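Let me begin by presenting the structure, written as structure tokens, before commenting on it.
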Amino acid sequence: MTRILIAEDEDRISSFVAKGLESAGYQTLVIDDGAEALDRALSGDVDLLLLDVGLPSLDGFEVLRSLRGQGSTLPVIMLTARTSTRDTVDGLDAGANDYVAKPFKFDELLARVRSRLREPVTTSSMSIAHGDVTLDVLARRATVGSREVDLSAREFALAEEFVRHAGQVLSREQLLSRVWGMDFDPSSNVVDVYVRYLRAKLGPAHIVTVRGAGYRWE
């Protein structure tokens, strides 16, 4: 049976989520401390982590960065009352697969859980290049000419999507779905924020804004 770890220190929320998931056929484990949640997530006996940001001992961002830093590919959905773009960016950039703001409807959370559990874990061993930009997909290394550029995991994923589809116009909806695995939210400017990051690191001429349509890698 699929086992979901719920790292949440508000009893009302963890109980509500656990009961709903168990009714949907999942096994759940609730932990209210960040350090304990990290240990359990690394144990290999859970299939997905619902991770609250405001945890004691280690907050959700710290748990997630440590989890990814130790090579875990466990699907993680962040749960938080924080709704600013900066917090969304921080969570996704740390390696979250999805981000759900409180308060949320359980049906929406369940749909996101099912979606994340369906995603295959894939590893590519190839390098791709366009112009003076080369991406080593396996080593997660980016170079511009002879200069190595430090990209976060999410920046690299976005750059990879652009380079693989060089010359094509990619809408914000497409990028949000392919890079973040999220449904499009018209109020979100996460894609635009990351495009700015890439322009600053890889050069502004590489990504062109196509008004009313999206972005294109030149």
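The values are calculated or read from the model by the stated rules, or taken from the named source; none is laboratory data. Bear in mind that the values here come from a model prediction, so they are computed numbers and not experimental data. A quick note on method: Cβ atoms are made from the backbone with ideal geometry, for glycine too, and the neighbour counts reach across all protein chains shown. Quick note on the areas: whole protein, heavy atoms, side chains included, nothing else; ligands and nucleic acids left out. Shrake-Rupley method; radii C 1.70, N 1.55, O 1.52, S 1.80 Å.
What tally of residues in segment 75-111 results from selecting those that are in a helix (DSSP H, G or I) and either modelled with pLDDT under 75 or of a type outside the set (A, V, I, L, M, F, W, C) (or both)?
We begin by selecting, within segment 75-111, every residue in a helix (DSSP H, G or I); these are 85-93, 106-111.
Retained after the next criterion (residues that are either modelled with pLDDT under 75 or of a type outside the set (A, V, I, L, M, F, W, C) (or both)): 85-93, 107-108.
Of the residues in segment 75-111, 11 are in a helix (DSSP H, G or I) and either modelled with pLDDT under 75 or of a type outside the set (A, V, I, L, M, F, W, C) (or both).
Where residues in segment 163-174 are under 20 Å from the mean Cα position of the chain (by Cα) and over 14 Å from S127 (Cα atoms), which of them is most open to solvent (accessible area, probe 1.4 Å)?
The first filter runs over segment 163-174 and keeps only residues under 20 Å from the mean Cα position of the chain (by Cα), leaving 163-164, 170-174.
Next, from what is left, pick out any that are over 14 Å from S127 (Cα atoms): 170-174.
Values: L170: 3, S171: 24, R172: 71, E173: 87, Q174: 68 Å².
Filtering segment 163-174 for residues that are under 20 Å from the mean Cα position of the chain (by Cα) and over 14 Å from S127 (Cα atoms), the one most open to solvent (accessible area, probe 1.4 Å) comes out as E173.
Give, as residue ranges, the strands (runs of 3 or more DSSP E) completely inside segment 112-218 that count at least 2 residues that are among the acidic types (D, E), touching a Ser or Thr at 6+ places or on another chain (Cβ under 7 Å) and at pLDDT 85 or above.
Values: elements: 127-130, 133-136, 141-144, 147-149, 207-210, 214-217.
Filter on segment 112-218 gives an empty set.
Go through segment 185-215 and give me each residue that's touching a strand residue (DSSP E or B) at 6+ places or on another chain (Cβ under 8 Å), in contact (Cβ under 8 Å) with a residue 24 or more places away in the chain and open to solvent by 60 Å² or more (accessible area, probe 1.4 Å).
K201
With the checklist (1) exposed (fewer than 15 other Cβ atoms within 10 Å of the Cβ); (2) closer than 14 Å to W217 by Cβ; (3) of a type outside the set (V, I, T) in hand, flag the one item A153 doesn't pass.
Going through the list (1) exposed (fewer than 15 other Cβ atoms within 10 Å of the Cβ); (2) closer than 14 Å to W217 by Cβ; (3) of a type outside the set (V, I, T), A153 breaks only (2).
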